[in-house]
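Everything below concerns the one structure shown next.
The values are calculated or read from the model by the stated rules, or taken from the named source; none is laboratory data. Nothing here was measured: the structure is a model prediction, and the numbers come from that model. Positions of Cβ are generated from backbone atoms using ideal geometry, with glycine treated the same way; all protein chains shown enter the neighbour counts. The area values use the complete protein model at the heavy-atom level, side chains included, leaving out ligands, DNA and RNA. Shrake-Rupley method; radii C 1.70, N 1.55, O 1.52, S 1.80 Å.
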Amino acid sequence: MIASTRPVHYDCILIGGGLQSGLLAMALNNFHPESSVLVIERRCKIAGNHTWSFHPGDVPETCRSWVEPLVEERWEGYEVLIGSCRRHVALPYATISSPHFASIVEGVLRGDSGERLPQLATGEQVSVDSIAGTRGQDLDTSDFRTEIGNDTAWRDSDSDLLTNTVVSEIGEDYIATVDGRVFQSNLIIDCRGPSCQIDNAGCGYQKFFGFELELAEAWDQKYPAVMESVDDQRDGFRFLYSLPFAARRVMIEDTCFSDSPDLDRDECWQVVAASLQRRGIVGARIVREESGVLPMPFLSEGMPAAGKPLAGGYAGGWFHAATGYSFPMAVAFAHAVASGPLQHAEHRVRELAEQHRWRARYARFLNRLLFRLVTPEHRFRIFQRFYRVLDDDAVARFYAHRFRILDAFRIVVGIPPTLIGLRPFRFIRSFFSGAR
């Protein structure tokens, strides 16, 4: 039998301590500063080990006051270097690192008091098993309310953070943790990520390994290079992504749009090291590493949706399927949840999901074109064309997941005549069987 302290009530409970929960905490603090929020993270710290980048213009005016404190680095534009395509994109660009993000979000959750949750580990014991009947079985909410009666501890205008804590059960208006604690809320949002991997037949992958470096000499680029293609394109569109943080500090990621999720750290470092050698840079020291493998779906899984409990971030479909950029969609979701009465958050999220549905379908169609129509060694041509036909404003709209019908038309019209290495039969077959 697992014992629990008497349930504690919060206005909102956020499960998972990643980007989406952090943005939700910021938005709730902005629009509902009197509300109580609980963030539960299974690891020892929130925000993980990531670098999130975006165009500041992706953020609506109504959100900028609570997003601005999170931004750590800014540039006036960036470079795109794909084969013969050389372009300076005159769009402001910004970056947020996990440590900075975590420090700001934790400060918001602590408020002025700095109190943490150990004070909650007192009170009457409630048996989760006696409510559920069988371990692991979903709790019945009506029975649960009968058991707790008036013993719920209400937290007024206080927010908290629980780390090293795993959620075992989620009900309509409560959650239980594996260590026996129970928390109540009428607004529970699951931001833990996808519950299962998308089937390989229904997606490609954006995989990357990044190295933050201290250099012995100054970096020779003023602006980030969002895409700088490399010579070896056999595994798919492969490019370097670089963020110059300071004269001698730079983040370089080796990224590939590939059919395979396999990622080799040493191989990625060799690609980065070769780039440094070509620039005449020696003596680079690795100070931090990060990596990821992001499914790029082209089937219907992971579309923006609303339900109870609400799902944020990747689990709820709040990501750009064709770019992997998650920040603009995560901001939009956080704004939808927090910008009105919390009891109507689900309705606002449902409206937002409807607004983004055709764009989400179109982004998945682009992925199907990329991974099923075009052979790996020619995929870079898709991105060459993207940056040749779209102006800066259209590029910004695309990355923000706010592109228009005309933008969508311009991206795809004329692609077959300009490409070689097409696989039309595989592309057509993928609509019926999802075959690779």
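A compact table of results
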| read-out | value |
| --- | --- |
| Candidate set: the range 387-430, residues that are open to solvent by 70 Å² or more (accessible area, probe 1.4 Å) and aromatic (Phe, Trp, Tyr); chosen: the one nearest to Glu354 (Cα to Cα) | Phe409 |
| Residues of the range 27-66 that turn out to be touching a strand residue (DSSP E or B) at 6+ places or on another chain (Cβ under 8 Å), touching a residue at least 60 places away in the same chain (Cβ under 8 Å) and in a helix (DSSP H, G or I), as a count | 2 |
| Helices (runs of 4 or more DSSP H) enclosed by the range 318-436 - at least 2 residues per element that are touching a Gly at 6+ places or on another chain (Cβ under 6 Å) and of a type in the set (Asp, Glu) | none |
| Which listed residue is open to solvent by less than 40 Å² (accessible area, probe 1.4 Å), over 20 Å from the mean Cα position of the chain (by Cα) and under 22 Å from Ser53 (Cβ atoms), from Val272, Val331 | Val272 |
| Residue check for Ser35: of a type in the set (Ser, Thr, Tyr) and open to solvent by 50 Å² or more (accessible area, probe 1.4 Å) | no |
| Per-region count, the range 1-26, residues hydroxyl-bearing (Ser, Thr, Tyr), assigned to a loop (DSSP other than H, G, I, E, B) and modelled with pLDDT under 95 | 1 |
| Among (1) over 30 Å from Arg397 (Cβ atoms); (2) assigned to a strand (DSSP E or B), the one test that His88 misses | (1) |
| Condition broken by His347, with the remaining ones in (1) more than 18 Å from Ile15 (Cβ to Cβ); (2) open to solvent by less than 10 Å² (accessible area, probe 1.4 Å); (3) at pLDDT 95 or above satisfied | (2) |
| All positions within the range 198-245 that are of a type in the set (A, V, I, L, M) and open to solvent by less than 50 Å² (accessible area, probe 1.4 Å) | Ile198, Ala201, Leu213, Leu215, Ala225, Val226, Met227, Val230, Leu240, Leu243 |
